[in-house]
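Notes for the one structure printed next.
Every number in this text was worked out from the coordinates using simple rules, so none of it is lab data. Predicted model only: the values in this text are computed from it and were never measured. Counting neighbours? That spans all protein chains shown, and the Cβs are built from the backbone with ideal geometry, glycine included.
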Amino acid sequence: MKNKVAKLLAVVMLAMAVLSMAACGQQEASGGKEAPAAEATEEAAEEAAAEEEVTEEFADPGAIPGTYTGQIDFSSLMTSEFGEQLGIEINDPLFMDVSLELKDDNTFYLKVDIDKFKADIISIVTGHADDIIAVMMDQYGYSMDQLGEVAQASGYEDEAAFKAGLIEEMEKGMNEEMDVEEYRKDLELEGTYTVNGDQILLQTDDTEDTATINADGTLTMVIPSEDIGDTELILTKQ
């Protein structure tokens, strides 16, 4: 039993998939967008003109620079994958913190707190150790009433030691498999930006992203993903 926990550590693949999806989403966001149709109703034209008028103040080079922060919500993905992988219902929140620094010299630095994201994933998984133990016991034909017996047969002193051992194995496995440095280079971008009306074009040597300036001064970026669908990232100036 002690050496069979690896099968349940397939949840590590979930964590890796979340990280991979986030990295791919950042890369996919650099794809071009189709130009809008030339025809527009008079009402739409008036709305566009009004929006442009509102956002002109944000297009002022002196108003744009600063640090903007936001979060990408992965909670629903974590919930659905946890259910599919282990048959366990969870409602734990999981967010990826994002920051965008727009500098006065028209350079930018976009990064995510990948270390916190990894720590949060590990915390969610280990926080459901009791549920995972119940799945493990059922998988091998035992009831939870037999946990003490199984713990001792597996070389543990008691149930508490068995649980502690499982958590240690999960943490070790996820720390080994989730190499954040592998993803950091895809999730942190540096380059230059230009402002055109209510749009900020973020460019690097390999990517091109767009942020929309909203009337309240926040920025919106769309992160495409096949896993959780296109997600709006709202960035607020600090």
field: Estimated vicinal HN-Hα couplings, Hz - the stretch 138-150 in sequence order (Karplus 6.51, -1.76, 1.60; Gly, Pro = x)
entry: 5, 4, 9, x, 10, 9, 5, 5, 9, 4, x, 5, 5
message: Quick check on the stretch 183-238: take the gyration tensor over C-alpha atoms, sort the square-rooted eigenvalues as a ≥ b ≥ c, and tell me if it's rounded (a/c under 1.5), prolate or oblate.
response: oblate
query: What list of ³J(HN,Hα) couplings, whole Hz, do you get for the stretch 70-85 from phi and the Karplus terms 6.51, -1.76, 1.60, once you set θ to phi - 60° and write x for glycine and proline?
result: x, 9, 9, 8, 10, 4, 5, 5, 4, 5, 5, 5, 4, x, 6, 6
message: For a quick check of your reading of the filter: which trypsin sites (Lys or Arg not before Pro) in the stretch 96-133 sit in a DSSP loop and have no more than 16 other Cβ atoms within 10 Å?
response: Lys103
- request: Can you bin the stretch 127-238 into rounded, prolate or oblate? Criterion: square roots of the alpha carbon gyration tensor eigenvalues sorted a ≥ b ≥ c, rounded for a/c under 1.5, prolate for a/b above b/c, oblate for the rest.
  value: prolate
- request: Could you work out the relative contact order of the stretch 117-185, using alpha carbon pairs under 8 angstrom and six or more residues apart, expressed as a whole percent?
  value: 35 percent
- request: Arrange Asp179, Asp120, Asp131 by Cβ neighbour counts within 10 Å, fewest through most, would you?
  value: Asp179, Asp131, Asp120
